[in-house]
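Visitor: Following this message is one structure expressed as structure tokens.
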Amino acid sequence: MNTDIYESPRSSFKQEIAEKKSRLAYRKSLQRLCFSLVITAIATILLLGVIFGLAFVKGSSMEPSVKEGDLVLFFRFIRPAKGDVVLLHSDNEYIKRIVGMPGDIIDIDEKGDAFVSDMPADGVPELPLSQWKCGIEYPFKLAPDEYFVLGDSRNASIDSRQYGPVPQDNIRGRVIAVLRTKHING
């Protein structure tokens, strides 16, 4: 009898078991991959939707630090500090720098110079009083939940000088990274 042609029932049974084990292993690895993808998607949604956020910059008020069209990553759970670049939300989203903290006294002299708690506000050029928000009597003290914000491009920025102090509830987060999407060489 030719042994090459004849296949014992036992070897065919072993081969069938091996194929079933292989299919089962493939199925388990596919389930693990799907589970990993679902967990990764949930983690990404939580990170970018709850803890961090992304926003595109509109306008040139923060140049040269942050330029129009840049993508910024911001951290939502912050205690704002003087000098932080923050994302603000009211009717639109804005990116500004905090220069006045709760309890600070904001003053503008006759020449248009700005002072924060009797110290000259860094980088705030002289502006005529007509460019500062009407109806505010200077000096004034920021309330416990108010911040005074300015754009880095002071002459091109619409900021607390025009719309007044910003409530803490309007601060969405602190900018922690800037991705240049254009102007890479400029």
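The values are calculated or read from the model by the stated rules, or taken from the named source; none is laboratory data. The model shown is predicted, which means the values in this text are computed figures rather than measured ones. Here the Cβ is made from the backbone with ideal geometry for all residues, glycine too, and neighbour counts use every protein chain on show.
Visitor: Condition first: of a type in the set (Asp, Glu), in a loop (DSSP other than H, G, I, E, B) and touching a residue at least 24 places away in the same chain (Cβ under 8 Å). Now tell me which residues in region 71-98 satisfy that.
Guide: Correct list: Asp84 only.
Visitor: Return the pairs, sorted by first residue and then second, in which the second residue is part of a helix (DSSP H, G or I) and not β-branched (Val, Ile, Thr), the first residue lies in region 148-173 and is under 9 Å from Lys96 (Cα atoms), the beta carbons are less than 8 Å apart, and the residues are 6+ apart or on different chains.
Guide: If the second residue must be part of a helix (DSSP H, G or I) and not β-branched (Val, Ile, Thr), the pairs left are Val149/Ser160; Leu150/Ser160; Leu150/Arg161.
Visitor: Could I ask something else about it? Does region 141-163 hold any residues that are buried (at least 17 other Cβ atoms within 10 Å of the Cβ) and either at pLDDT 85 or above or closer than 15 Å to Asp84 by Cβ (or both), and which are they?
Guide: Matches in region 141-163: Leu142, Glu146, Tyr147, Phe148, Val149, Leu150, Gly151, Asp152, Asp159, Ser160.
Visitor: Evaluate region 21-35: report whether one residue or more is of a type outside the set (A, V, I, L, M) and touching a residue at least 12 places away in the same chain (Cβ under 8 Å).
Guide: No, every residue in region 21-35 fails to be of a type outside the set (A, V, I, L, M) and touching a residue at least 12 places away in the same chain (Cβ under 8 Å).
Visitor: Considering only region 50-70, state which residues are surrounded by fewer than 17 Cβ atoms within 10 Å (Cβ to Cβ) and part of a loop (DSSP other than H, G, I, E, B).
Guide: Answer for region 50-70, where residues must be surrounded by fewer than 17 Cβ atoms within 10 Å (Cβ to Cβ) and part of a loop (DSSP other than H, G, I, E, B): Lys58, Ser60, Pro64, Ser65, Glu68, Gly69.
Visitor: Can Asn185 be described as at pLDDT below 80, outside the structural domain of Glu63 (by TED's automatic domain parsing), over 22 Å from Gly103 (Cβ atoms) and surrounded by fewer than 18 Cβ atoms within 10 Å (Cβ to Cβ)?
Guide: Yes.
Visitor: Oh, and also: Does Ser65 satisfy the criteria of being farther than 18 Å from Ala177 by Cβ and of a type in the set (S, T, N, Q)?
Guide: no
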